[in-house]
Amino acid sequence: MIMRLGSFACALSLLHVGCQASQDPLPAGPGGGGADLTGGTGGQPTASGGVSGAGATSVAGAGSGGTPTGVSGAYGGGDPTSGGAGGQANRVCVPNHPANLRVYQIGNSLTWDSQPPGIAAMSGGAGSPYTTGYHILCGSSLDTIWSKPDETCVEPVPEFGRYKTALLQHAWDVVVMQVYPGATLGSDVASIRNFIDLTRQNPDNTQTRFYVYSGWPTNQQYDQDWERLGPWVDASPMATAREYFHVLMDRVHADVDPDVLYIPIAEVFYQLGKRAEKGEVSGYAQVSAFFRDKDHMNEMGRYVAGITVWSSVFARDPMGLTRPDGYYNADELPLLYPVLQETVRGVLTQDARSGIAHSCPP
């Protein structure tokens with residue numbers, strides 16, 4: 001008997017959800033490690049994912065030795081791809097999510113690369129109903145999106161509309177905001193505050209959780225850009241750099257809302273690039289292989305972005321989560337599910353700002 005790791009979230013003050021330790025036996029899943037999250041097929045690109053398939057239970061140990069593939073030192077110089085010591089059981093929490101998680105994403109084409117309708121279809125296929133809405137303005141920073149509420153480059157879901165209508169007239173469990181170059185540290189903090197304040201004006205959104213989605217550097221010098229150091233002050237231009245996001249989240253927690261969470265998608269791709277360089281990602285030699293052009297992800301990269309969002313907002317293990325029909329159509333994807341899912345899990349469990357913790361409070 002070992003502890004259930006799959007929901008792997010215990011930061012109650014961050015998640016605003018119920019939490020309990022579990023010592024139930026783990027169900028077997030694909031490859032004998034994670035719980036079976038596959039359920040039925042996905043669905044069409046509608047606002048809501050399907051409801052087919054059994055409810056997904058997240059579990060421990062598709063990584064070596066029954067523990068998640070670690071990203072020890074992911075933000076501090078340790079080996080980012082080595083697994084942790086095997087066999088050690090952690091206490092974890094099972095968040096009490098609503099029956100249908102409602103998620104609204106705000107950003108540009110890098111947010112669209114996560115394929116919000118695909119996330120909904122994938123989640124529905126895993127037995128976890130998920131309703132999506134989105135406001136996408138290509139090539140734009142968060143403050144530009146705020147200043148142009150009637151402009152989008154992707155048609156919004158008709159039921160919800162663009163962000164003002166969606167946030168003021170509809171209830172959301174989660175709102176995800178993407179920052180992007182063209183802003184400054186100070187304006188990113190202000191824009192995050194603006195979107196939170198707008199959402200809170202709707203009495204149905206008093207318990208909404210907020211996430212910052214990092215986006216990622218270009219494929220031209222990914223590592224160099226992501227490893228760039230500050231200093232970062234209010235007037236500093238926004239940069240897709242690890243340290244910039246650390247400072248941004250510290251500022252948001254201090255000045256806006258201490259419960260805002262973080263989706264470190266750029267770190268996921270950084271770690272995948274390191275694993276690819278070691279020959280651990282078949283057919284992929286470096287992080288640029290996940291791109292379809294200088295800025296955007298190919299179908300493999302889109303799947304990684306999609307499961308990172310899904311795993312973050314559900315605080316659940318992505319092991320066993322398969323692509324839905326019509327999305328993430330890379331032929332070799334099924335062969336790479338384990339390494340991609342392990343890397344996502346490892347990054348999220350090692351970043352406290354993701355809201356995913358190793359252990360429950362006493």
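Rule-based calculations on the coordinates, nothing more; no lab input. On a predicted model such as this, the values are computed, not experimentally measured, just so you know. No Cβ is skipped: glycine too gets one built from the backbone with ideal geometry, and neighbour counts run over all protein chains shown.
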Notebook entry, point to check: Which Rg and Dmax, in Å, describe the Cα atoms of region 305-359?
Noted result: 11.8, 37
Item checked: Charge dipole of region 122-219 about the Cα centre (unit charges at C-beta), most positive-ward option of Ser140, Asn194, His170 -> Asn194
Checklist line | Alpha carbon convex hull of region 205-341, projected area averaged over orientations, nm² | finding: 9.7
Check: What is the sum of charges around Thr206, taking Lys and Arg as +1, Asp and Glu as -1, for the other residues whose C-beta is under 15 Å from the C-beta of Thr206?
Finding: -2
Margin query: With only alpha-carbon atoms in the gyration tensor, what are the semi-axes of the equivalent ellipsoid for region 102-241, in Å, largest first?
Written below: 26, 18, 14
Checklist line | Set of lysines near Lys148 by C-alpha distance (under 16 Å), chain-local residues within fewer than 8 positions excluded | finding: Lys164
Notebook entry, point to check: Setting aside same-chain residues fewer than 8 positions from Lys274, which lysines have a Cα under 26 Å from its Cα?
Noted result: Lys294
Notebook entry, point to check: What nm value, rounded to one decimal, do you get for the distance between Glu155 and Thr218 when each label is placed 7 Å out toward the C-beta?
Noted result: 3.2
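Where does each of Met177, Met238 land when they are ranked from fewest to most other beta-carbon atoms within 10 angstrom? Present the calculation step by step, with values, prior to reporting the outcome.
On the way: Met177 27, Met238 23.
The most exposed by this proxy come first: Met238, Met177.
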